[in-house]
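The block underneath contains the structure these notes are about, expressed in structure tokens.
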Amino acid sequence: MNVKSKLAECVRPLLLGALFLGTAAHADVQPLNRVVAIVDNDVIMQTQLDARVREVQQTIAKRGAEVPPANVLTQQVLDRLILENIQLQMGERSGIRISDEELNQAMATIAQRNGMTIEQFRDALAKDGLSFNDARDQVSREMIISRVRQRRVAERIQVTEQEVKNFLASDLGKMQLSEEFRLANIVIPVQEDASSDALQAAERRARDIYQQARQGADFGQLAIANSASETALDGGDMGWRKAAQLPPPFDSMISAMGVGDVTEPIRTPGGFILLKVLEKRGGEAAAVREEVNVRHILIKPSEIRTDAEAKVLAERLYQRIESGEDFAELAKNFSEDPGSALNGGSLNWIDPNALVPEFREVMNNTASGEVSKPFKSQFGWHVLQVMGRRATDSSEQMREQQALNLLRNRKYEEELQTWLRQIRDEAYVEIKL
């Protein structure tokens, strides 16, 4: 018998004894709750299982899907609860805690994403038969599980530079990183055996709609009133598509269109179609960012130097620079930033967003070639000089980062499923249903 089995054998009689204490004396009293599964050093109770089954049933019903048979759904939910329980115990052993501040922020974010205030979110939960505190506890559990997975799964994933290059060069990579378009359509139907007159009438109608759209008419309203597409009642909104997912000739036309543009009516086997570009995202459009070449001198307060004394020294160095002394030499001799002092205080070309707010604000307000007056940040007192500014095309870096993220996400999903099977196999689980 392994260690987990021995531990479970010790825990099980205590748990069951505590739960059913006194039932022998009153055989006619039914227990209100019972253990449905023992998972390592914890248990899953019937009430937990019932509550989660109800939540899942409500979710499935809202989607309009058919709810599985009760026994099948119960087993699926129990399996999920067991996996969650194992991960929560791992989180507890690792000392993972979610603070009230983090949890409050998470609840506020969820409410905001649903277009609600916290009070409206609380009322919406109550209408669904869920308490706010129960939802809060569930979010806390999900956050703990997420952090456990980050530690145990995400850190095991490695994506090499060569994998990124190979992905970018592949047809799949080009497809997944290509520009996306949010499109709306209007379909004017034509029967396969339509007469010449019917065909001409449909074309005239399509061209009339096209002219109305060109002149500023609401495309969504035109779709609702005229389109035979299945998306007509949604204003023709087709969602996001890549050009390669569209049939010819739309695939080649869309890439050259701007947001708000509408195609002329195109004859297809089903009729005449108009497309409108509602939004664009992704692709290889140039991503231009500003970089600043800056150098600085940092003077830190310490046990032997007060904050006031650090300020005085920074002011003296500023005066020496203004009097013509070399900034780089003063930085080498006085600056207490180990990362830049030996380079004359140079931070080289840097993205302003990588700097602390106080430094960034002074830098943005200092012209090229000028030296700032001493100012304070969380690190101490600074004097900085802006050497230059430039705009950098970072679209290639963005593509590489997108590819890296896609590959990491793909590997994460594969590794996660393997890891979940592994921890389930290694855990002591006794189902009591």
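The values are calculated or read from the model by the stated rules, or taken from the named source; none is laboratory data. This structure is a prediction, so every number in the text was calculated from the model and none was measured. Heads up, the Cβs are rebuilt from the backbone with ideal geometry, glycines too, and the neighbour counts pull from every protein chain shown.
Does region 266-281 contain any residue that is modelled with pLDDT of 85 or more, more than 30 Å from D171 (Cα to Cα) and assigned by TED's automatic domain parsing to the domain that holds R204?
Taking region 266-281 and keeping what is modelled with pLDDT of 85 or more, we get 266-268, 271-280.
If we keep only those that are more than 30 Å from D171 (Cα to Cα) too, we end up with 271-272.
Subsequent filtering for residues that are assigned by TED's automatic domain parsing to the domain that holds R204 retains 271-272.
Within region 266-281, one or more residues are modelled with pLDDT of 85 or more, more than 30 Å from D171 (Cα to Cα) and assigned by TED's automatic domain parsing to the domain that holds R204.
For T74, indicate whether it is under 29 Å from the mean Cα position of the chain (by Cα) and of a type in the set (S, T, Y). It would help to see each step written out before you state the result.
Working: under 29 Å from the mean Cα position of the chain (by Cα): no; of a type in the set (S, T, Y): yes.
In short, no.
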Condition met for G91 (in the same structural domain as N133 (by TED's automatic domain parsing) and at positive phi)
no
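With respect to D237, is the statement that it is within 28 Å of the chain's Cα centre (by Cα) and modelled with pLDDT of 90 or more true?
On the way: within 28 Å of the chain's Cα centre (by Cα): yes; modelled with pLDDT of 90 or more: yes.
Yes: the conditions hold for D237.
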Taking the residues in region 375-419 that are of a type in the set (S, T, N, Q) and within 21 Å of the chain's Cα centre (by Cα) as candidates, determine which candidate is modelled with the highest pLDDT.
Q417
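Criterion first (surrounded by 14 or more Cβ atoms within 10 Å (Cβ to Cβ) and of a type in the set (D, E, K, R)) does E370 satisfy it? Don't jump to the end; show me each part of the working.
Details: surrounded by 14 or more Cβ atoms within 10 Å (Cβ to Cβ): no; of a type in the set (D, E, K, R): yes.
The answer is no for E370.
Here is a yes/no grid of residues against (1) polar (S, T, N, Q); (2) surrounded by 13 or more Cβ atoms within 10 Å (Cβ to Cβ); (3) more than 30 Å from P352 (Cβ to Cβ):
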residue	(1), (2), (3)
T231	yes, yes, yes
A243	no, yes, yes
F250	no, yes, yes
V277	no, yes, yes
I321	no, yes, no
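Being buried (at least 16 other Cβ atoms within 10 Å of the Cβ) and farther than 24 Å from D193 by Cα is the requirement here; does G271 meet it?
On the way: buried (at least 16 other Cβ atoms within 10 Å of the Cβ): yes; farther than 24 Å from D193 by Cα: no.
Judged against the criteria, G271 is not a match.
In region 153-208, what residues are of a type in the set (S, T, Y) and assigned to a loop (DSSP other than H, G, I, E, B)?
From region 153-208, those of a type in the set (S, T, Y) are 160, 170, 178, 195-196; that's our starting set.
Listed by number, the residues that qualify are T160, S170, S178, S195.
Yes or no, residue by residue, for (1) farther than 30 Å from I38 by Cβ; (2) free of Cβ contacts under 8 Å to residues at least 12 places away in the same chain; (3) among the aromatic types (F, W, Y):
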position: P69; (1), (2), (3): no, yes, no
position: L78; (1), (2), (3): no, no, no
position: E102; (1), (2), (3): yes, no, no
position: A106; (1), (2), (3): yes, no, no
position: I110; (1), (2), (3): yes, no, no
position: I118; (1), (2), (3): yes, yes, no
position: D123; (1), (2), (3): yes, yes, no
position: K127; (1), (2), (3): yes, yes, no
Looking for whichever is free of Cβ contacts under 8 Å to residues at least 60 places away in the same chain and either assigned by TED's automatic domain parsing to the domain that holds N343 or exposed (fewer than 12 other Cβ atoms within 10 Å of the Cβ) (or both) here; the options are S302, S227. Which one fits?
S302
